[in-house]
Number of protein chains: 2
Amino acid sequence: MQWTKVLGLGLGAAALLGLGIILGHFAIPKKANSPAPSISAPQDLDLEILETVMGQLDAHRIRENLRELSREPHLASSPRDEDLVQLLLQRWKDPESGLDSAEAFTYEVLLSFPSQEQPNVVDIVGPTGDIIHSCHRTEENVTGEQGGPDVIQPYAAYAPSGNPQAVNAAKHGVAGVLVYTDPADINDGLSSPSETFPNSWYLPPSGVERGSYYKYFGDPLTPYLPAIPSSFRLDLANISGFPPIPTQPIGFQDARDLLCNLNGTSAPTTWQGALGCHYRLGPGFRPDGNFSADSQVNVSVYNRLELRNSSNVLGIIRGAVEPDRYVLYGNHRDSWVHGAVDPSSGTAVLLELSRVLGTLLKKGTWRPRRSIVFASWGAEEFGLIGSTEFTEEFFNKLQERTVAYINVDIAVFANATLRVQGTPPVQSVVFSATKEIRSPGPGDLSIYDNWIRYFNRSSPVYGLVPSLGSLGAGSDYAPFIHFLGISSMDIAYTYDRSKTSARIYPTYHTAFDTFDYVDKFLDPGFSSHQAVARTAGSIILRLSDSFFLPLKVSDYSETLRSFLQAAQQDLGALLEQHSISLGPLVTAVEKFEAEAAALGQRISMLQKGSPDPLQVRMLNDQLMLLERSFLNPRAFPEERYYSHVLWAARTGSVATFPGLSNACSRANDTASGSEAWAEVQRQLSIVVTALEGAAATLRPVADL
Amino acid sequence: MQWTKVLGLGLGAAALLGLGIILGHFAIPKKANSPAPSISAPQDLDLEILETVMGQLDAHRIRENLRELSREPHLASSPRDEDLVQLLLQRWKDPESGLDSAEAFTYEVLLSFPSQEQPNVVDIVGPTGDIIHSCHRTEENVTGEQGGPDVIQPYAAYAPSGNPQAVNAAKHGVAGVLVYTDPADINDGLSSPSETFPNSWYLPPSGVERGSYYKYFGDPLTPYLPAIPSSFRLDLANISGFPPIPTQPIGFQDARDLLCNLNGTSAPTTWQGALGCHYRLGPGFRPDGNFSADSQVNVSVYNRLELRNSSNVLGIIRGAVEPDRYVLYGNHRDSWVHGAVDPSSGTAVLLELSRVLGTLLKKGTWRPRRSIVFASWGAEEFGLIGSTEFTEEFFNKLQERTVAYINVDIAVFANATLRVQGTPPVQSVVFSATKEIRSPGPGDLSIYDNWIRYFNRSSPVYGLVPSLGSLGAGSDYAPFIHFLGISSMDIAYTYDRSKTSARIYPTYHTAFDTFDYVDKFLDPGFSSHQAVARTAGSIILRLSDSFFLPLKVSDYSETLRSFLQAAQQDLGALLEQHSISLGPLVTAVEKFEAEAAALGQRISMLQKGSPDPLQVRMLNDQLMLLERSFLNPRAFPEERYYSHVLWAARTGSVATFPGLSNACSRANDTASGSEAWAEVQRQLSIVVTALEGAAATLRPVADL
């Protein structure tokens, strides 16, 4: 698409200009490079160091990192994945630009692969079993990169093997599932080869989205235990969360052959797509179509479960003053195929960040106040496995010491704007960072000023501000926020929604997600990658070097207030009918608001003077540990890892506390006094207890 | 018994002498009273302050406290219990000798009481229903204190009401239960009025032990939630842990009438007691006895469940340097009747400790480095309810900040020796304290030297040392160690087992547990009370004032090693048969030992220099938080609150990790591959993960 190219080039050009402006941007008294400060000095954020880091984060080096990382497919536990483990270790142990130490941590985890001997097949067969039509087993080799031996056949990981044969077997219970992405959802309706990659960023007709179909996250055999070799493993028969029936993804060109020949009643309007025909539900093929009415679809899945070794790579910069406080920054390393965007765009940024900080470290120019931990997670695509096993193995150490977790997975979905998902306490540090960094692209907007044009909300406290999204479970931040209760964020550059409605960048999880795809279409010049690196770098420095932690706990008050208002407006009447009062919740929210505000004032007072490092440490502990007080491991017995009573998965329709919302939607049509209504009351008490407990942690520490 | 009296008087006399010696005992450079130190000073334990506190803890004042506390029965939630709440608040708010602040926290909890209109009765009735014999409904009024309106009728709290009638209904399934304490178990065989209180410390024939028969602890209606009015409460029908059938305790004089007239086969030798007859199992009464063979025993229980308000009283001395670190000291306030021993002996000590420390505080002589929190718990006798609700309400705040919990419930069981139950890290501070305090009684032994004569063990590290017992769930320390994972201890003075085999002091939970009982028999002169006060006071000061926390984590290594050896010796072969290896456990224990030793060395090194307060804070956090790393809320799904993988209740016979021991005893007679053996493997992995995680928290904080 032209607009992408033009915007891309525009950004590329603007970035150099932007860099110049940034270098001049800070007006700070310069001082000579100093060695690591003495431990007793109240070391604070050094804006000169920040400026240096911003200036040294190099778009070209990010591009070269990406070229290397995405040169070959690097599926989890593959030889190339292992090569990249070595590459990371070598970079992080480099005497000129490495970290204090780096190490690989290996787990033995259950992965799922298609059989090489017996590829999964989707055929249309006649009544005598003769094959009339076969769906493609591989993607078309349009750039020479789709045909290699390491390009894994499209499949649905963890879908069971089997050989169902039917056409729209729904009426007898579904026997198998075929999955495809419609051009209407991924390609803005375009579907011809001339309109798709390599001629545009859109998905070619043969492109197939791979993915994991596991319901939970973490190693399926060792829930809540690290997948070290000696750990207890579930019996395969006792695993829950795998798809019950054979499932296979196909490309839209194959989907067209099937869907456009179906007979039967029309599919709902919302199901109609851009395959150039009217979608029907079947059963059977239409008599006037390509296949005789008595033809059948044969889906043969030969996926296999295998125990494989998968490694996380961790690197650390030791804090000079508070080494036991960790700023954790991570991304996964494994891809489905070449994974230039997912996840190598993030890993390319990770490597450039560690190079710049490592170089300052090795020169003796700088050492952070707190420790900085870099992580390259394994087997994320199969279900956040590496990061989850890490949190299981080091649960207490991480929960007691981690200031925040920063995740940059796909660094650049598109070139338009920053997009941040995170918990409320990180909003302020993200804002501080992005206000000081030039946005790529024309004009001299800051990343913040550009961001607010695309995503914004009206805050009762701040007025119009960029809106942070909330964290789901889409990447490795999930175990950190949901299981450990650590303030987390996920950072990327993303779309202009007025330009595309693509569900996600079109070649997501296909063999077309390659270096050239990024270089030509997603981020020519890599200025968006650089913008993400600078944003993440500034946030890392602010979190690791600031004397007072830049976590603003009072920003949770807005969230709690909005959850409360949603509960009052959308559930209040219903709850009243069942004599359940929201009064205690109102009181708890008010108490939290008051304590958070008071703590903010005590911090401001202290900042005016020259506070004792221990005093600040105590306040910082209150800020760091607030998020933990929202955890309740007994809140959601049916979930796995989800224990955060504010951010657990919400299935209920009301945008309020998830436990309350979900319990209400389940209880809705049951009588008062039912178990379901008791669960609503239990969920309400769990939230009230969490909020009261959170408020208690924010009070002056010697108040009763 | 003479020996008690004589020993008592001897102790009384020796105490004054002992005090003199203690005052001269410390050779420390004196310095003028200084105001609270500036926050930046590395404030450390001040031995002069310690000496002052030891000298000021006054046996006479403890005696006067006890007289006031035990003047009237103060059953949980009774008016007198409320009066004592006010007494504590008034003492702790006293301008000359109070704390920085004090407050009552009230919960609405489910208690159980006998009916005043319909007393519980145990009768023997003839075939026509005529009452032949009635058991006593009250205890004999031997001192004028057993007859008051506030003396609650003996009962089994939480036993259901009902009216079963039978004699030894076992053959048809037990319909009701009568409970008594045999003179052989409580009175060293003595049972006549002339041999029992008020003529000796032994239980009079009419004495009846009250108690709670609830299986769990905490408020039965609000497991895991604080029992604030708004909290979700279980339906009565969904409560688990109450006795299934009517139950009533009786005195041994009534037990004699029943038991000595029973017919049938002989009871086992171990069941024979000191009631002066041969015990038989029934069924029925013997023809030549006091009751006709067709008589029946009629047990009528009219206990009622009631929601009552019960309060904890909390008082705090704000720490001067690290106010967010809490040394928590507590005891329950509620008794069954006058409760002079249980719990008022402990509360009398608590009040004397808070007076002495409060006086130094108000004078400006002293303020501890860390905060000291005093607690008077409500409704302990019904199941540790006040302390449990407190831990539920302030879970995170307490878990993040509490250095240790010190419990003194019954301060003095008897006059012979100190007895301490606790987790390994507190051993060293208990030893340091007791080596410096004179023991009551003849000779000039320290409490430590006296203690080692009664309870000792041979430590591979230290040689012969006093042996600490391990913590069960017998008092308010239970929620702190099992639910929060806070290092805890329970301190008391207790028996010379060569002088008595009494299960516990004879008037336990009866109306004979009175001030005179303590004053005449248990601790005349109150020198043992004073010894407990000094021991607890010294431990409080060492924990709250020491620059380096006196918690020795390497003392856990001995425990782990002994658990490991028990597992290897008593379970190794069995596990091998089922192809379960202890190898990973061996590795984990070795890793813990190495890391604990290395941390100890780093601390010693640092102590030689003049370490930065932040450095010490970081090390102290490692020491304080170690205990937390042994918690796993998912380890014992069938238990309530028990999450400490080293100290959870052990039903298995092997003295090793409780989860492993219990799982093995359940799996013992099942086939390999059974669910039970899978649970053994799961429990083994849970322990290994906890130990590996614990070792990780002890490593240098910036090591990966």
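The values are calculated or read from the model by the stated rules, or taken from the named source; none is laboratory data. This structure is a prediction, so every number in the text was calculated from the model and none was measured. With ideal geometry, Cβ positions are generated from the backbone for all residues, glycine too; neighbour counts draw on all protein chains shown. Surface accessibility is based on the protein's heavy atoms, side chains included, excluding ligands, DNA and RNA. Shrake-Rupley method; radii C 1.70, N 1.55, O 1.52, S 1.80 Å.
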query = List, please: which pairs have Cβ atoms under 7 Å, are six or more places apart or on different chains, and start with a residue in the stretch B:232-243 that is within 11 Å of chain A (Cβ to nearest Cβ) and end with one that is open to solvent by 50 Å² or more (accessible area, probe 1.4 Å)?
reply = B:F232/A:Q681; B:F232/A:R682
request  = Identify, by number, the condition in (1) closer than 30 Å to A:L623 by Cβ; (2) in contact with an Asp or Glu (Cβ under 6 Å, 6 or more places away or on another chain) that B:W377 doesn't meet.
outcome  = (1)
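Residues checked against (1) open to solvent by 50 Å² or more (accessible area, probe 1.4 Å); (2) under 27 Å from B:S78 (Cα atoms):
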{"position": "B:P226", "(1), (2)": "no, yes"}
{"position": "B:L234", "(1), (2)": "no, yes"}
{"position": "B:G241", "(1), (2)": "no, yes"}
{"position": "B:L262", "(1), (2)": "no, no"}
{"position": "B:G273", "(1), (2)": "no, no"}
{"position": "B:G282", "(1), (2)": "no, no"}
{"position": "B:Q296", "(1), (2)": "yes, no"}
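On the given criteria, is A:V151 buried (at least 19 other Cβ atoms within 10 Å of the Cβ), more than 14 Å from chain B (Cβ to nearest Cβ), on the phi < 0 side of the Ramachandran plot and touching a strand residue (DSSP E or B) at 6+ places or on another chain (Cβ under 8 Å)?
Working: buried (at least 19 other Cβ atoms within 10 Å of the Cβ): yes; more than 14 Å from chain B (Cβ to nearest Cβ): yes; on the phi < 0 side of the Ramachandran plot: yes; touching a strand residue (DSSP E or B) at 6+ places or on another chain (Cβ under 8 Å): no.
Judged against the criteria, A:V151 is not a match.
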ask   = Taking the stated definitions as given, is A:K397 more than 11 Å from chain B (Cβ to nearest Cβ), open to solvent by 10 Å² or more (accessible area, probe 1.4 Å) and either among the basic types (K, R) or over 15 Å from the mean Cα position of the chain (by Cα) (or both)?
value = no
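Listed here are the residues, each with its yes/no results for (1) within 13 Å of another protein chain (Cβ to nearest Cβ); (2) open to solvent by 10 Å² or more (accessible area, probe 1.4 Å); (3) touching a residue at least 40 places away in the same chain (Cβ under 8 Å); (4) in a helix (DSSP H, G or I).
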{"site": "A:W647", "(1), (2), (3), (4)": "no, yes, yes, no"}
{"site": "A:G652", "(1), (2), (3), (4)": "no, no, no, no"}
{"site": "A:N662", "(1), (2), (3), (4)": "no, yes, no, yes"}
{"site": "A:A694", "(1), (2), (3), (4)": "yes, no, yes, yes"}
request  = Please report, ordered by residue number, the helices (runs of 4 or more DSSP H) entirely within the stretch A:384-472 with at least 1 residues that are touching a His at 6+ places or on another chain (Cβ under 8 Å).
outcome  = A:385-393
inquiry  = If B:A573 satisfies all but one of (1) part of a helix (DSSP H, G or I); (2) in contact (Cβ under 8 Å) with a residue 40 or more places away in the chain, what's the number of the condition it fails?
reply    = (2)
request  = Go through the stretch B:612-639 and count every residue that is open to solvent by 30 Å² or more (accessible area, probe 1.4 Å) and of a type in the set (K, R).
outcome  = 1
Qualifying positions in the stretch B:498-521 - open to solvent by 20 Å² or more (accessible area, probe 1.4 Å), of a type outside the set (A, V, I, L, M, F, W, C) and under 18 Å from the mean Cα position of the chain (by Cα) = B:R503, B:Y508
note = Within the stretch A:583-611, the residues that are facing another protein chain (nearest Cβ under 10 Å) and either open to solvent by 50 Å² or more (accessible area, probe 1.4 Å) or in contact with a helix residue (DSSP H, G or I) (Cβ under 8 Å, 6 or more places away or on another chain) (or both) are A:P584, A:L585, A:T587, A:A588
ask   = Given the residues B:E389, B:E381, B:E436, which is the only one that is of a type in the set (D, E, K, R) and crowded, with 24+ Cβ neighbours inside 10 Å?
value = B:E389
key: Among residues of the stretch A:296-317, those that are more than 14 Å from chain B (Cβ to nearest Cβ) and either part of a strand (DSSP E or B) or more than 42 Å from the chain's Cα centre (by Cα) (or both), counted   = 13
inquiry  = Restricting to the stretch A:668-689, name every residue that is within 9 Å of chain B (Cβ to nearest Cβ) and within 30 Å of B:S376 (Cα to Cα).
reply    = A:R682, A:L684, A:S685, A:I686, A:V688, A:T689
task = Residue by residue through the stretch B:450-468, note down the ones that are touching a strand residue (DSSP E or B) at 6+ places or on another chain (Cβ under 9 Å) and of a type outside the set (F, W, Y).
result = B:N450, B:I452, B:R453, B:N456, B:R457, B:S458, B:S459, B:L464, B:V465, B:P466, B:S467, B:L468
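Okay, residues lined up against (1) at pLDDT 95 or above; (2) outside any loop (DSSP other than H, G, I, E, B):
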| residue | (1), (2) |
| --- | --- |
| B:D123 | yes, yes |
| B:P127 | no, no |
| B:H136 | yes, no |
| B:E140 | yes, no |
| B:V151 | yes, no |
| B:P154 | yes, no |
| B:A159 | yes, no |
| B:K171 | no, yes |
| B:A175 | no, no |
note = Among residues of the stretch B:95-141 being within 14 Å of another protein chain (Cβ to nearest Cβ) and of a type in the set (A, V, I, L, M), the residue nearest to B:S230 (Cα to Cα) is B:A104
key: Count - residues of the stretch B:536-570 that are open to solvent by less than 10 Å² (accessible area, probe 1.4 Å) and free of Cβ contacts under 8 Å to residues at least 12 places away in the same chain   = 0
task = Residue by residue through the stretch A:273-292, note down the ones that are free of Cβ contacts under 8 Å to residues at least 24 places away in the same chain and either of a type outside the set (F, W, Y) or assigned to a helix (DSSP H, G or I) (or both).
result = A:C277, A:H278, A:R280, A:D288
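From A:G330, A:G364, A:G346, A:G339, grab the single residue that is small (G, A, S), over 19 Å from A:T535 (Cα atoms), open to solvent by less than 10 Å² (accessible area, probe 1.4 Å) and touching a residue at least 12 places away in the same chain (Cβ under 8 Å).
On the way: A:G330 fails: over 19 Å from A:T535 (Cα atoms); A:G364 fails: open to solvent by less than 10 Å² (accessible area, probe 1.4 Å); A:G346 fails: over 19 Å from A:T535 (Cα atoms).
After ruling out the rest, the residue left standing is A:G339.
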key: Residues satisfying the stated conditions in the stretch B:210-220, i.e. within 14 Å of chain A (Cβ to nearest Cβ) and open to solvent by 10 Å² or more (accessible area, probe 1.4 Å)   = none
